[in-house]
Amino acid sequence: MAEVILAKTAGFCFGVKRAVDEVYKEIESGKKIYTYGPIIHNDEVVKDLEAKGVTTIRDDAMLQNLSEEDVVIIRSHGITRETMTTLEATGATLVDMTCPFVKRIHNLVSEHRDDYNIVIVGDPVHPEVVAIKSYGDATTKVISDAEAAVSYVPEKEGGVFIVSQTTFNLNKFREIVEIFEKKGYYSNVVNTICDATRKRQEEAKAVASGVDVMVVIGDLKSSNSRKLYEICKEVCAQTYFVQTLEDFERSGGDLQRTSSCMPSITVGITAGASTPNNIIEEVQKYVRNDF
């Protein structure tokens with residue numbers, strides 16, 4: 001039987017839980033419920049909501065079908081300024097569940113775009129970053145790695161204003177900021193990585209560094225889950241990234257071989273901000289009883 005260490009911060013963050021709870025609450029109204037994009041990056045949750053009649057809006061073309069009788073819930077990642085304008089014109093009831101920490105970044109970028117070159121540190125295709133960028137101007141750039149930071153050149157006077165995707169890797173953010181400082185640009189840096197993300201990453205690394213095997217549970221499309229996997233993999237070679245118990249069972253052969261070579265085995269578990277508790281509990285129970 002394996003000893004299991006479960007990270008305290010594993011699972012839903014404040015913003016995700018708030019958005020998911022709101023969708024389930026709105027379902028009870030009996031109205032037609034839409035979410036703009038998957039409410040979270042977790043296929044299991046999205047499938048359950050769709051089974052209850054919730055429709056996911058996956059592109060703006062679907063907005064043409066909305067009416068004043070419909071309810072549209074904006075996910076925690078937020079949406080672009082342009083999409084918000086289009087949604088408001090439909091007459092549908094809008095329930096804005098944009099995470100307050102993300103909304104803060106929208107306001108910062110909007111407030112400083114005229115006086116600074118805006119730089120967003122993050123994944124350029126992540127919906128949160130796409131939305132943040134829309135609050136900037138034509139000179140606003142997204143930088144995801146050190147190489148891009150080295151080659152960056154401001155397009156206008158006034159210095160550089162730097163913010164971050166809320167779920168970005170904290171160490172990589174610091175590395176990129178250091179590059180800007182060495183380049184000699186006047187920079188105004190606001191670390192907008194949310195505190196829950198920072199704690200989750202730090203705790204995941206601490207747990208992974210003290211166990212034989214580390215398991216990261218999260219949707220493969222989840223940015224914060226992928227970053228947890230990268231962080232854990234750096235300090236624990238036997239790190240697994242799974243979405244559900246079924247995924248874990250399929251990859252469990254390697255873990256079985258690892259456990260058979262050890263008189264006792266310690267397994268660490270963490271989970272991304274979009275991972276429901278029931279999936280965490282299933283994996284935890286499986287590891288504890290079968291290894």
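Provide the per-residue ³J(HN,Hα) series for region 187-195, in order, calculated from phi with Karplus coefficients 6.51, -1.76, 1.60 and θ = phi - 60°, each as a whole number of Hz, with x at glycine and proline positions.
After applying 6.51 cos²θ - 1.76 cosθ + 1.60, I find 10, 10, 10, 10, 6, 9, 5, 5, 4 Hz.
At a temperature of 4 °C and a viscosity of 1.567 mPa s, determine how fast region 71-191 diffuses translationally according to Stokes-Einstein, using the Kirkwood radius over alpha-carbon pairs as Rh; express D in µm²/s, rounded to the nearest whole number.
Taking Rh from Cα pairs, D becomes 87 µm²/s.
For Thr93, project a label point 7 Å along Cα to C-beta. Then give me every residue of region 15-29 with its amide nitrogen under 20 Å of that point.
Taking a point 7 Å out along Cα→Cβ of Thr93, the residues of region 15-29 whose backbone N falls under 20 Å are 18-29.
With +1 on each Lys and Arg Cβ and -1 on each Asp and Glu Cβ, and nothing else charged, work out how big the dipole of region 1-145 is about its Cα centre, in Debye to the nearest 20.
Here the size comes out at about 260 debye.
For Asn117, list long-range residues whose amide hydrogen, built 1.01 Å from N in the peptide plane, is under 5 Å from its own amide hydrogen.
Under 5 Å from the amide H of Asn117 lie the amide H atoms of Gly159, Val160, Phe161, each far enough along the sequence or on another chain.
Of Lys31/Lys133; Lys25/Lys199; Lys133/Lys221, which sit over 24 Å apart, Cα to Cα?
Values: Lys31/Lys133 32 Å; Lys25/Lys199 29 Å; Lys133/Lys221 20 Å.
Over 24 Å apart, Cα to Cα: Lys31/Lys133; Lys25/Lys199.
For each pair in Lys156/Lys183; Lys47/Lys103; Lys205/Lys227; Lys103/Lys227; Lys182/Lys233; Lys17/Lys103, compute the distance between the two Cα atoms and list the pairs where it is over 19 Å.
Listed pairs above 19 Å: Lys47/Lys103; Lys103/Lys227; Lys182/Lys233.
For the chain, state the average projected area of the convex hull of the C-alpha atoms over all orientations, rounded to one decimal in nm².
Quarter of the Cα hull surface area: 16.2 nm².
Could you work out the helix-only [θ] at 222 nm for the chain, with each DSSP H run of four or more residues adding -39,500 (n - 2.57) and the total divided by the number of residues, to the nearest 500 deg cm²/dmol?
Dividing the helical sum by the residues of the chain leaves -14000 deg cm²/dmol.
Once the Cβ-Cβ distance between Glu178 and Asp137 is put in as r, and R0 is 25 Å, what FRET efficiency do you end up with, to the nearest 0.05?
Using R0 = 25 Å, I get an efficiency of 0.45.
What GluC sites (Glu not before Pro) in region 1-33 are in a loop by DSSP, with at most 10 other Cβ atoms within 10 Å of the Cβ?
Numbers: sites: Glu3, Glu22, Glu26, Glu28; in loops: Glu28.
Passing both the DSSP loop test and the Cβ count: Glu28.
Ordering Ser187, Ser223 by accessible area with a probe of 1.4 Å, largest first, what comes out?
Largest to smallest exposure gives the sequence Ser187, Ser223.
Can you pull the Kirkwood radius for region 1-63, inverse mean 1/r over Cα pairs, to one decimal in Å?
Taking every pair of different Cα atoms in region 1-63, averaging 1/r and inverting gives 13.4 Å.
Applying a 10 Å radius around every beta-carbon, put 173-183, 125-135 in order of their mean neighbour count, most first.
Descending mean neighbour count gives 125-135, 173-183.
The values are calculated or read from the model by the stated rules, or taken from the named source; none is laboratory data. Computed from a prediction, not measured in an experiment: that's the story for all the values here. Cβ: placed from backbone, ideal geometry, glycine included. Neighbour counts: every protein chain shown. Ligands, DNA and RNA are excluded from the accessible area calculation, which covers all protein heavy atoms including side chains. Shrake-Rupley method; radii C 1.70, N 1.55, O 1.52, S 1.80 Å.
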